[in-house]
1. Just one of B:ARG194, B:ARG105 is more than 19 Å from B:MET27 (Cα to Cα) and in the same structural domain as B:ARG229 (by TED's automatic domain parsing); which is it?
2. Could you say whether any residue in segment B:65-86 is within 14 Å of chain A (Cβ to nearest Cβ) and over 19 Å from B:ARG184 (Cα atoms)?
3. Please indicate, with yes or no, whether at least one residue in segment A:224-235 is out of contact with any Leu (no Cβ under 6 Å at 6 or more places or on another chain) and modelled with pLDDT of 95 or more.
4. Take the residues in segment B:149-164 that are under 19 Å from A:ALA164 (Cα atoms) and more than 7 Å from chain A (Cβ to nearest Cβ), then tell me which one is surrounded by the most Cβ atoms within 10 Å (Cβ to Cβ).
5. Scan (1) of a type in the set (Ser, Thr, Tyr); (2) surrounded by 17 or more Cβ atoms within 10 Å (Cβ to Cβ); (3) in contact with a Pro (Cβ under 9 Å, 6 or more places away or on another chain) for the single condition A:THR6 breaks and write down its number.
6. Among the residues of segment B:94-115, count how many are assigned to a loop (DSSP other than H, G, I, E, B), within 12 Å of chain A (Cβ to nearest Cβ) and not hydroxyl-bearing (Ser, Thr, Tyr).
7. Out of all the residues in segment A:184-198, is one or more at pLDDT 95 or above and under 30 Å from B:ASN99 (Cβ atoms)?
8. Name the residue that is nearest to the chain's Cα centre (by Cα), counting only residues in segment A:18-53 that are β-branched (Val, Ile, Thr) and buried (at least 18 other Cβ atoms within 10 Å of the Cβ).
Number of protein chains: 2
Amino acid sequence: MKVIATSSVLRTIRDEYLGVMGFVPTMGALHEGHISLLKRARSDCDHVTVSIFVNPTQFTKSGDLDIYPRDLDRDLEICGELGVDLVFAPDKTEVYTTNDETLIRLPYVGEILEGASRPGHFAGVAGVVLRLLNMVRPEKTYFGAKDAQQIRVIRRLVQDLHLATEVIECPTVRAPDGLALSSRNIFLDSNQRRQALTLSAGLFNASDAFAAGERSSGRLRALARSAIRDQDIIAVDYLSLADSTTLAEITGDVKNDALLSIAAMVGSTRLIDNVLLVV
Amino acid sequence: MKVIATSSVLRTIRDEYLGVMGFVPTMGALHEGHISLLKRARSDCDHVTVSIFVNPTQFTKSGDLDIYPRDLDRDLEICGELGVDLVFAPDKTEVYTTNDETLIRLPYVGEILEGASRPGHFAGVAGVVLRLLNMVRPEKTYFGAKDAQQIRVIRRLVQDLHLATEVIECPTVRAPDGLALSSRNIFLDSNQRRQALTLSAGLFNASDAFAAGERSSGRLRALARSAIRDQDIIAVDYLSLADSTTLAEITGDVKNDALLSIAAMVGSTRLIDNVLLVV
């Protein structure tokens, strides 16, 4: 496994890999969610590149960037064990070169839901993913379903800009109790973590009802919401039931595949989760 | 020579060209300026692709898009004679696919000078060039020096996004009387065309003085301006003497390579021109 810190070395080495290159962009602090992406890429592709880069431009809350968990040694160990070929772990100046000023904006899919709550977040995500895709030039790129809107932003970006990579979505990985894995979960104390379970529990309630035939968007939203008791330590930001492709909010009955998604502050930690309702 | 109208065919055919691909993006209505780019690409590269696409997103004045000159038959004849391999002449829906929403912004170099006078123009230029570069995947891309700010926007875009193409600048081609060639020159009547010569004449005055040792930015600007008599049919938009790399406006003496550029309305036609002052 080669660990690369500069874009110039990456550019040179990249050309030595002639088969299908799979790419898993990450911000490090790898957990079982990332590991599922690495395994899928390893099984799909001739070569696998992982990037580990805590991208400053996608953080919108002061201080959040500083406390984001980092553990490069452990991340490299995981990548090594899983047969990753290249790890690209650049510092900021390798991704954003001197006088960098190019901004990417997706004013619809990037500015509703998560994008409305975190202005600039998806501009940051799109900007870094585009730069990384241009450096790594993968045939296939892997993202987790937990970041449902992110994958829709990236699919839109890839289609709009005619990028030559296939975007592959991998299922959300959950703890045995249902909590979606996230690098931010380490910030939860035991009480907060117990409260956080009500987010996934609500989604599962609605998903079960949907499987049993419930199609009313109002009742499905109410079911998802009913599991959550707003308390001092949990505050729902949004609960959305939207068309899975367009993310247009559904009124009346659900007729096409729908994404039920939620964002909430649990203490000072922002968590998101979602389930896909497949008709 | 192959003429291609769709991005899917271009994608398939592109992979058949294994050597160095040169690319000349144009809006058609090819003149000697474009021809100089085609010849340079033909002499530099194994293969040459020309795009002919009047990009709607870079027009900022109502009606301007509709009257922009178009002559595809003649353009194809010129490309054929010059040994072009591929002509990509897509319609709008091939460049901007359904629900396209990705915007590219360069808030400094894209929003001063031309960008200040034509808000959104360079967002449109950057957006279309990025899409075309991703489709054509050229090793070398050719632009004319007449669009001085455009080439700086594209260099910035290519560097910021880590695109794998070399941006090559070719000298401005002028009519024997000094007027910089432009597809828009056909809109000038004979009186306007005579007036338009004062733009290049002013630039040459300043350039001659610079060659003779003049370094005062104030005097150089005044020399360029003095050739132009503002009249009903000519109105200067800006006259800029700026650092050639950063486009920061120069005060005091010129110490590094500088770009002297002008934009003016001649009747209802907007013309731009520039000279490089090399220390």
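1. Working: B:ARG105 fails: in the same structural domain as B:ARG229 (by TED's automatic domain parsing).
Only one candidate passes the filter, namely B:ARG194.
2. At the first step, the residues of segment B:65-86 found to be within 14 Å of chain A (Cβ to nearest Cβ) are none.
Within segment B:65-86 (the criterion being within 14 Å of chain A (Cβ to nearest Cβ) and over 19 Å from B:ARG184 (Cα atoms)), the answer is no, since none of the residues qualifies.
3. Just the residues of segment A:224-235 that are out of contact with any Leu (no Cβ under 6 Å at 6 or more places or on another chain), to begin with: A:226-235.
Now drop any that are not modelled with pLDDT of 95 or more, which leaves none.
The answer is no; no qualifying residue exists.
4. Ranking the qualifying residues of segment B:149-164, first place goes to B:VAL158.
5. Of the numbered conditions (1) of a type in the set (Ser, Thr, Tyr); (2) surrounded by 17 or more Cβ atoms within 10 Å (Cβ to Cβ); (3) in contact with a Pro (Cβ under 9 Å, 6 or more places away or on another chain), the odd one out for A:THR6 is (2).
6. Keep residues of segment B:94-115 that are assigned to a loop (DSSP other than H, G, I, E, B), which gives B:96-102, B:106-113.
Right, trim to within 12 Å of chain A (Cβ to nearest Cβ) and you get B:96-102, B:106-112.
Now restrict to residues that are not hydroxyl-bearing (Ser, Thr, Tyr): B:99-101, B:106-107, B:109-112.
Total meeting the criteria: 9.
7. There is no residue in segment A:184-198 that is at pLDDT 95 or above and under 30 Å from B:ASN99 (Cβ atoms).
8. Residues of segment A:18-53 that are β-branched (Val, Ile, Thr), as a first pass: A:20, A:24, A:26, A:35, A:48-50, A:52.
Subsequent filtering for residues that are buried (at least 18 other Cβ atoms within 10 Å of the Cβ) retains A:24, A:26, A:48-50, A:52.
Working: A:VAL24: 11, A:THR26: 9, A:VAL48: 19, A:THR49: 17, A:VAL50: 15, A:ILE52: 14 Å.
The selected residue is A:THR26.
The values are calculated or read from the model by the stated rules, or taken from the named source; none is laboratory data. Note that the structure is a prediction, hence the values are computed from the model and not measured. As a convention, Cβ positions derive from the backbone with ideal geometry for all residues, glycine included, and neighbour counts pool all protein chains shown.
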